[in-house]
Amino acid sequence: MPKPSRLLLPAALILLAYGFWNSAEFTRIAAGIAVFLFGMMALEEGFKAFTGGTLESLLRATTDRLWKSIGFGIVTTTLMQSSSLVSLITISFLSAGMIGLGAGIGIIIGSNLGTTSGAWLIAGLGLKVDISAYAMPLLVFGVIGLLQQSKPLKGAGYGLIGLGFLFLGIHYMKEGFEAFGSSFDLSAYAVPGYPGLFLFALIGLIVTVIMQSSHATLVLTITALAAGQITYENALALAIGANMGTTITALIGAVSANVEGRRLAAAHFIFNVTTGVVAIALIHPLRWVVDELAILLGIAAQDYMLKLALFHTLFNLLGLLLITPFVDRLVGFLERVVQVVPAAAEQPRYLNPSALEVPAAAVEAVRREVEHLYENAFGLIAHGLSLRRHVIRSEQPLASAVETTRRIMPLDVDDIYEDKIKGLHSAIIEFISQAQSRELPAAAADELYALRRASRAIVEAVKGMKHLHKNLSRYGLSANPAIRRQYDDLRLRTAGVLREIETLRAQPPDAVTMLSLDDVKLGLEKFDRHLNATLDELIRQRRITAKVATSLMNDGGYVHEIGRNLIDMAQIVFVPRTPDRQIAQQLALDEKDIERVLGDEHR
Amino acid sequence: MKTRKLLERLADFLDADKAAQQAEIKSIRKVLKKLKEKERNLREKLNEETDPDQLGAIAAKLDVVHAQRRKGLERVRAIRKGAEPIRDGD
């Protein structure tokens, strides 16, 4: 017996086909909805071409305060006419850690208000003029834009096509309802009072969930109202239902999101349901306010479409005023209630599929995840050296911390590698592959390639530590002072690299900071040469055996490998891709330069 | 004179390569200036430090900064000579 969910689509198609067969008006209305929805998809596609660097800088600049986040949500949704695209971008940046949950909630609140501009456009303009006349030139220019090579022109093309189809969709729905009215009077089925309020709110919610667009439900409502197919009272209820229905889509989408995405979807749900419940409870006072404001704004008493748009704006504004003072508490509540489910193996924190939608967010998500991987590797390497992380990060002299070690920390490197390193590295590689399968600007593609190298470098460093730890466990606390001294030096050198990288992270990310890694490179080369010379001397003096010397030489090689890999990683992850970084890369010392410096020292 | 100056400016504007070279030289000189300041600070520290290990570490950093500045100056000379193409980065 097939699952009920699998029967839904065929059942819907059959019902629609039956409707098309029996009613030309129904066909027109359904086609209008389809064309409208397609227009919204095209508009979203158009705006995606302009997301990235510009949007990212704008987001960073405008979301440090709650009122700015709300403003950002209002403006972007009004411009894009799509709260779902704004939600998508918000979740994308939230998942990548580029904005906090408070800012994300602010954007969603603002977006709810911004979406009401659509009702004004349709009620104020769309139904009063022959909107299809505007659609045709938009479609023509849009297709011309689509045929261009340039990404911005293609994006503009999609935008114009989107607008054109939006207008056409409204036109077909309007015509469909007008024709429908001549043969069938839906308003005869109007339900007055609170039963009607609840029933039509539920209808509005269900229709929005099916169409996945509150905008489309509103357009349907306004066109039906204009044709007299529904009463003003029932239209208000549909608008409230549409507002609540839009959160169901967000909740469904959040199932596959990371914890931040789920928190935002929960906030969206709480905000919209609270707004809806308050609107239902205060329906009569709100209607009174709408009537009074309509007089002030010069809206005719019988212009129910504009009054519906005014009602839509008003109850969303009410929701904004109610929730905004409690956003911080909401953030605290969500962080307590919506928790990360701990898994046996370390899970990626930032590699959310929604981050793939915007190239800048994808790059930032990968960069943060590689940083997360480095944190895990830092912990593993520190323990492998039998040093605590906070000691390496502190100002405490590393030499004394190393010398006073009395116990080699037990460490199952293989286990930790499987748990905290391999899984994350694999997830990073997979995410980068997915990102690179989409159309990316060259800079983003280059950065992802570099971050893949950085992730690999971290894994190589960990593997080096795995080898080093074997002999460290054996000889690290050797009774032979010469052996102990050499292994202390190996630990000190490796810990020194970790400390230098931590120091770099705390400094401003500019060219000079990046160039300071050359000090570490030089230190590693010097250490390598010094180690070989020292071992030769110790063998000659018979203070160590040749066997131990060989182990020390190999371990010196691992220290060198760990250091070089960590430096390569740091140059990519902790120094942002700016013109400064490019200059620093030109001035950074290569192997020949280091040889020259070492040669000059010996003269 | 006015016309000639205008034509020279127009030529510079149209000569994208030259503009890019000038921009690169300007960026390198900015970094070189910061490195010079870093070198000065390190020399001051070197004069004040007494611990032999620290002295060695500061001396090594000075060698590195000196080498980086030398490399930067060589790069500027090379760009001016036109011997090296403009590098785009990574």
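Looking only at segment A:467-482, decide whether some residue is open to solvent by 20 Å² or more (accessible area, probe 1.4 Å), out of contact with any Gly (no Cβ under 7 Å at 6 or more places or on another chain) and modelled with pLDDT of 90 or more. Scanning segment A:467-482 turns up at least one residue that is open to solvent by 20 Å² or more (accessible area, probe 1.4 Å), out of contact with any Gly (no Cβ under 7 Å at 6 or more places or on another chain) and modelled with pLDDT of 90 or more. None of A:Ile572, A:Ile594, A:Ile567 is within 27 Å of A:Leu373 (Cα to Cα), crowded, with 18+ Cβ neighbours inside 10 Å and at the interface with another protein chain (Cβ under 10 Å from one of its Cβ atoms) except A:Ile572. Being in a helix (DSSP H, G or I), open to solvent by 70 Å² or more (accessible area, probe 1.4 Å) and either of a type outside the set (A, V, I, L, M, F, W, C) or more than 12 Å from chain A (Cβ to nearest Cβ) (or both) is the filter here, so list the residues in segment B:72-87 that pass it. Across segment B:72-87, the qualifying residues are B:Glu74, B:Arg77, B:Arg80, B:Lys81. Quick one: is A:Tyr374 aromatic (Phe, Trp, Tyr) and assigned to a loop (DSSP other than H, G, I, E, B)? Here the answer is no, as A:Tyr374 does not meet what is asked.
Looking across segment A:368-394, the residues that are more than 12 Å from A:Ala495 (Cα to Cα) and either modelled with pLDDT under 90 or open to solvent by 40 Å² or more (accessible area, probe 1.4 Å) (or both) come down to A:Arg368, A:Glu371, A:Glu375. Looking at this structure, is A:Gly599 of a type in the set (Gly, Ala, Ser), crowded, with 18+ Cβ neighbours inside 10 Å and within 13 Å of chain B (Cβ to nearest Cβ)? The answer is no for A:Gly599.
Among the candidates A:Thr550, A:Thr503, A:Thr513, A:Thr545, the residue that is within 14 Å of chain B (Cβ to nearest Cβ), surrounded by fewer than 19 Cβ atoms within 10 Å (Cβ to Cβ) and among the hydroxyl-bearing types (Ser, Thr, Tyr) is uniquely A:Thr503.
Applying the selection to segment B:26-71, what residues are surrounded by 15 or more Cβ atoms within 10 Å (Cβ to Cβ), within 16 Å of the chain's Cα centre (by Cα) and more than 10 Å from chain A (Cβ to nearest Cβ)? Correct list: B:Glu39 only.
For A:Ala588, the criteria (1) facing chain B (nearest Cβ under 9 Å); (2) at pLDDT below 85 hold in every case but one, which is (2). For segment A:395-416, the set of residues classified as open to solvent by less than 40 Å² (accessible area, probe 1.4 Å) and not hydrophobic (A, V, I, L, M, F, W, C) consists of A:Thr405 only.
Tell me, yes or no, whether segment A:432-449 has at least one residue that is open to solvent by 10 Å² or more (accessible area, probe 1.4 Å), in contact with a Lys or Arg (Cβ under 9 Å, 6 or more places away or on another chain), more than 14 Å from every other protein chain (Cβ to nearest Cβ) and among the aliphatic types (A, V, I, L, M). Within segment A:432-449, not a single residue is open to solvent by 10 Å² or more (accessible area, probe 1.4 Å), in contact with a Lys or Arg (Cβ under 9 Å, 6 or more places away or on another chain), more than 14 Å from every other protein chain (Cβ to nearest Cβ) and among the aliphatic types (A, V, I, L, M). Residue pairs whose Cβ atoms lie under 6 Å apart, sitting 6 or more positions apart in sequence or on different chains, and linking a residue in segment A:8-24 that is closer than 16 Å to A:Ala34 by Cβ to a partner that is open to solvent by less than 70 Å² (accessible area, probe 1.4 Å) and part of a helix (DSSP H, G or I), are A:Phe20/A:Thr27.
To keep it simple, each residue is scored yes or no on (1) under 25 Å from A:Phe271 (Cα atoms); (2) at pLDDT 80 or above.
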| residue | (1), (2) |
| --- | --- |
| A:Ser87 | yes, no |
| A:Ser92 | yes, no |
| A:Met98 | yes, no |
| A:Ser117 | yes, yes |
| A:Trp120 | yes, yes |
| A:Ile131 | no, no |
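Filtering A:Ile562, A:Ile539, A:Ile501 for residues that are at pLDDT 85 or above, touching a helix residue (DSSP H, G or I) at 6+ places or on another chain (Cβ under 6 Å) and farther than 26 Å from A:Ala382 by Cβ leaves a single hit, A:Ile539.
Of the residues A:Leu468, A:Leu498, the single one that is closer than 15 Å to A:Leu566 by Cβ, in a helix (DSSP H, G or I) and in contact with an Asp or Glu (Cβ under 7 Å, 6 or more places away or on another chain) is A:Leu468. Applying the selection to segment A:236-249, what residues are surrounded by fewer than 24 Cβ atoms within 10 Å (Cβ to Cβ) and within 18 Å of A:Gly118 (Cβ to Cβ)? Selection gives A:Thr249 alone. When A:Arg493 is tested against (1) within 17 Å of A:Ser551 (Cβ to Cβ); (2) open to solvent by 70 Å² or more (accessible area, probe 1.4 Å); (3) at pLDDT 90 or above; (4) away from chain B (no Cβ under 14 Å), exactly one condition is not met: (4). None of A:Ala250, A:Ala216, A:Ala190 is within 36 Å of the chain's Cα centre (by Cα) and at pLDDT below 75 except A:Ala250. Applying the criterion of at least 1 residues that are among the charged types (D, E, K, R) and within 28 Å of A:Val338 (Cβ to Cβ) to the helices (runs of 4 or more DSSP H) found wholly in segment A:56-156 leaves A:66-80.
The values are calculated or read from the model by the stated rules, or taken from the named source; none is laboratory data. Please read all numbers here as calculations on a predicted model, not as lab measurements. Cβ: placed from backbone, ideal geometry, glycine included. Neighbour counts: every protein chain shown. Each accessible area value is taken on the protein alone, full model and side chains, heavy atoms only, with ligands, DNA and RNA left out. Shrake-Rupley method; radii C 1.70, N 1.55, O 1.52, S 1.80 Å.
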